[in-house]
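Just so it is clear, none of the values below were taken in a lab; they were calculated from the coordinates. Just so it is clear, the structure is predicted and the values come from calculations on it, not from any experiment. Every residue, glycine as well, gets a Cβ built from its backbone with ideal geometry; the counts of neighbours run over all protein chains shown.
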Amino acid sequence: MRFDSIALAGIFSMVGSLMSGLVMAAEPAPSTVQVVTRPLIAGLWAMPITEKGCIEYYNFKENGEFFIRSAGERVTGKYEYELPALGENKLPLLTIRIKYDNLVTDCAGSAIDQTNDVQRQFIKWSAPPYQIQFCSAVDGSRCEVTLAKVLP
């Protein structure tokens, strides 16, 4: 079998084209930016109860679940964090729905079954060191609980 130089040049040219196509196809696609939002309240918060020598921890997860640890008490459930509409002069609203309470004594010394309770608090933010207050009034008055940010 005889190959002349024209036939070989044609074959090499075809192989080269195929290889360059394969190399080009293997290059990564352009990067895309994916924006992920998370609730502002997400993260670990702490409320020291100094007179009892105890710290109550609130962990708001990004998926809308929360976990509270207060001494031996463990509470879990779901939460919603609602921002006011633009132009509204009111605070964000935090609604927590308690699904589980282990009925063990908490930092305050009580063991109250909160299972199936729904609690609503308006959230008042303060600048660094990043604290929030749970308030019972939309205008930010009657704030009884202060939490400090521990982890993002």
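Values for this structure:
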quantity: Mean Cα-pair separation over length for the stretch 43-151, i.e. relative contact order, pairs under 8 Å, 6 or more apart, %; calculated: 22
quantity: Listed residue (L44, A108, P128) projecting farthest to the positive dipole end of the stretch 43-151, Cβ model; calculated: P128
quantity: Kirkwood Rh in Å, taken over all unlike Cα pairs in the stretch 22-152; calculated: 16.7
quantity: Gain in span if fully extended, S110 to S141, counting 0.36 nm per residue against the direct Cα distance; calculated: 8.6 nm
quantity: Dipole magnitude (debye, nearest 20) for the stretch 43-151, charges at Cβ of Lys, Arg, Asp, Glu; calculated: 160
quantity: Amide proton proximity set for I55, modelled H, under 5 Å, gap of 5+; calculated: I49, A71
quantity: Cβ crowding within 10 Å averaged over residues, with 48-54, 132-138, 59-65 ranked highest first; calculated: 132-138, 59-65, 48-54
